[in-house]
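The values are calculated or read from the model by the stated rules, or taken from the named source; none is laboratory data. These numbers were taken from a predicted model, which means no experiment stands behind them. As a convention, Cβ positions derive from the backbone with ideal geometry for all residues, glycine included, and neighbour counts pool all protein chains shown. With ligands, DNA and RNA removed, areas are computed over all heavy atoms of the protein, side chains included. Shrake-Rupley method; radii C 1.70, N 1.55, O 1.52, S 1.80 Å.
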Amino acid sequence: MNFFKDRVDAGKRLANALRNIVGKGAIVLAIPRGGVVVGFEVAHSLGLPLDVIIPRKIGAPDNPELAIGAMTEDGTILLDESLVSYLGVPEGYVKGESNRQKLEIERRLKLYRGDVPYPTLRNRDVIIVDDGIATGSTMKAALASTRKRGAKSVIVAIPVGPSSTIQQLEKEADHVVCLYMPELFQAIGQFYEDFAQTTDEEVIRLLRLSGQKKDSNAS
């Protein structure tokens, strides 16, 4: 049984759950691509600015879907050291894959944001939004990056995720809002009636529609 109709539905429900938690002056940072659709609804409903944060998964050799870590645009890299050791992943592979993901992050930042100044996060309440999480590797990297940028507090807001991952994130975030924590979790898409891939064009459209350029705290 699907829990959400689509990402728009998930975003509206998430906004309602956040309404009494988030104060003025906060900013929503969405993880592309699908997280931007959810984040747009959250930002619009709560009257907050929307921007993106772009963590990228570092996949295992011969199994790119298996995350051995993640990194963000400021160079923050988080590795699952026990998994790296267990799989015997060479240091050279990690360095090469990290460089490849950094180039992809830079490409997406330019594509989505153009020359718009990045908003300052120092002393701000930040809400990091995605359309769901599985292992949480990219969310953990986003959290670390946001902390490094001086955020006053960080809220993780997601529609769905496994309870084990949520418990891990609760140790690192100031608050975690997750609408649905199913006992059986295989993939994020199984909890959506419509989980069609979000395009780059849709991400750009929503960021422009949100008035990204009007954030008064842009640096």
Cβ crowding within 10 Å averaged over residues, with 130-136, 100-106, 181-187 ranked highest first | 130-136, 100-106, 181-187
How far apart, in nm, are two points set 7 Å out from the Cα along the Cα-to-Cβ line at Gln167 and at Lys148?
-> 2.9 nm
Note to self: C-alpha centroids of segment 1-70 and segment 140-219 sit apart, in Å, by 3 Å
For the chain, report the accessible area per residue in Å² (1.4 Å probe, heavy atoms, rounded to an integer).
-> 50 Å²
Antiparallel bridge percentage (DSSP; both residues within the chain; nearest 5) = 35 percent
Computed, not fitted: 222 nm per-residue ellipticity of the chain from DSSP H runs ≥ 4 (each -39500 (n - 2.57)), nearest 500, equal to -12000 deg cm²/dmol
In square angstrom, rounded to the nearest 10, how much accessible surface does Lys110 have for a 1.4 Å probe?
-> 120 Å²
When only Cα pairs under 8 Å and 6 or more residues apart are kept, what is the percent relative contact order across segment 1-149?
-> 29 percent
Per residue of segment 139-156, in order, report the coupling 6.51 cos²θ - 1.76 cosθ + 1.60 (Karplus, θ = phi - 60°) as ³J(HN,Hα) in whole Hz, putting x for Gly and Pro.
-> 5, 5, 5, 4, 4, 4, 5, 5, 4, 4, 7, x, 4, 5, 8, 10, 10, 8
Sorted largest first, extent of segment 29-164 alpha carbons per principal axis (Å) | 47, 36, 25
At a 1.4 Å probe, what is the % contribution of carbon and sulfur to the accessible area of the chain?
-> 49 percent
